[in-house]
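The values are calculated or read from the model by the stated rules, or taken from the named source; none is laboratory data. These numbers were taken from a predicted model, which means no experiment stands behind them. Cβ sites come from the backbone with ideal geometry, for glycine too, and all protein chains shown count toward neighbours. The accessibility values were calculated without ligands, DNA or RNA, using every heavy atom of the protein model including side chains. Shrake-Rupley method; radii C 1.70, N 1.55, O 1.52, S 1.80 Å.
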Amino acid sequence: MSHNRFKMTTLLCLLLGAGPLLSQLVLSPVHGSDNATLPLVMWHGMGDSCCNPLSMGSIKKMIEEAIPGIDVLSLMIGKTVIQDTENGFFMDVNEQVSMVCSQLAQDPKLKDGYNAMGFSQGGQFLRAVAQRCPSPPMKTLISVGGQQQGVYGLPRCPGESSHICDWIRKELNSGAYTDIVQKHLVQAQYWHDPLNDDLYKKHSLFLADINQERVVNETYKKNLQLLDKFVMVKFLQDSVVDPVDTEWFGFLKTGQAKETETLQESVLYKEDRLGLAAMEAAGKLDFLATEGDHLQFTDEWFNAKLVPYLH
């Protein structure tokens, strides 16, 4: 990896800080579970990796202790932890989703179904898996701070005068929808510019596709509705994700960058382009909120609110 690319990777790790934040979790055991518990598939956020002992590795171990008998697969995108971290910044998201679909299809432990939990960008990536790859069947999807309608902003960036921060902002603001940036900067693939809606819909390689912005793919709609539950977690003091409403599938109203709208107020919902209105009517959508910054939550909250979905 080049020196500049390493510097960019380091910056984004600091920016999103998934590892240190997740490492604050301590889970207490949950009793009464058994070996019939569905396996859990987890997808980490940007700047993290499958097996970082301070974050996803620790979370995997703690969930296994909290729910005896559960099989937990923490996804590695690539052949090494280093590749996994790099790919979270630079690998075409569609290729990542395809790689994961293939991995899950070949895992005999998942053939009867599995639950999924995505942290930050892993939340919308796992939704793409649900929409594109219904076999093996995903039963419950938990999006923990996932940017379901994308992002429009880079609110927390260490070293505000840093030329690297300035470069990232410039690339996203003026070049997010160019072919080279779309293909090689993951965050650009879920960059959602409400001031340039036509550009977004035409050139977004990932988000505009899975959110049915161009055409309604009936297969996507059908597959998502196969979920038993779609759970979305919002962090009420989130300083990383902009706008925070995206964590509940809301976003900025088109044509301006100040007022937001809820999922239920959006065209996506009113036209039910993704089946979310039907899912809510069927009791399949759960919207959870917790105090704290991005990916910061207590063990008590996690045990009370999320662990029950995994049984």
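A few comments on the model shown:
- Some residue of segment 78-90 being more than 20 Å from T37 (Cβ to Cβ), out of contact with any helix residue (DSSP H, G or I) (no Cβ under 9 Å at 6 or more places or on another chain) and either buried (at least 21 other Cβ atoms within 10 Å of the Cβ) or of a type in the set (G, A, S) (or both): yes
- Options K79, K60; residue that is of a type in the set (K, R) and either in contact (Cβ under 8 Å) with a residue 40 or more places away in the chain or outside any loop (DSSP other than H, G, I, E, B) (or both): K60
- Helices (runs of 4 or more DSSP H) enclosed by segment 253-311 - at least 1 residues per element that are modelled with pLDDT under 95 and over 19 Å from the mean Cα position of the chain (by Cα): 299-305
- Yes/no for D272 being open to solvent by less than 40 Å² (accessible area, probe 1.4 Å), at positive phi and out of contact with any Gly (no Cβ under 8 Å at 6 or more places or on another chain): yes
Conditions tested, residue by residue: (1) farther than 14 Å from G150 by Cα; (2) in contact (Cβ under 8 Å) with a residue 24 or more places away in the chain.
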position: D228; (1), (2): yes, yes
position: L236; (1), (2): yes, yes
position: F249; (1), (2): no, yes
position: G255; (1), (2): yes, yes
position: E265; (1), (2): yes, no
position: G283; (1), (2): yes, no
position: T290; (1), (2): yes, yes
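Conditions (1) modelled with pLDDT under 70; (2) open to solvent by less than 10 Å² (accessible area, probe 1.4 Å), marked per residue:
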position: V129; (1), (2): no, yes
position: P137; (1), (2): no, no
position: Q148; (1), (2): no, yes
position: V151; (1), (2): no, yes
position: C157; (1), (2): yes, yes
position: S162; (1), (2): yes, no
position: D166; (1), (2): yes, no
position: I180; (1), (2): no, no
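- Only a single item in (1) surrounded by fewer than 18 Cβ atoms within 10 Å (Cβ to Cβ); (2) over 26 Å from Q225 (Cα atoms); (3) modelled with pLDDT of 90 or more is not met by M99, and it is number (2).
- Considering the conditions (1) outside any strand (DSSP E or B); (2) touching a strand residue (DSSP E or B) at 6+ places or on another chain (Cβ under 6 Å), K221 is excluded by exactly one of them, (2).
- A count restricted to segment 39-58 and to residues that are modelled with pLDDT of 85 or more and surrounded by fewer than 22 Cβ atoms within 10 Å (Cβ to Cβ) stands at 2.
- Top-ranked residue of segment 226-239 - restricted to ones that are part of a loop (DSSP other than H, G, I, E, B) and in contact with a strand residue (DSSP E or B) (Cβ under 9 Å, 6 or more places away or on another chain), ranked as least open to solvent (accessible area, probe 1.4 Å): L227
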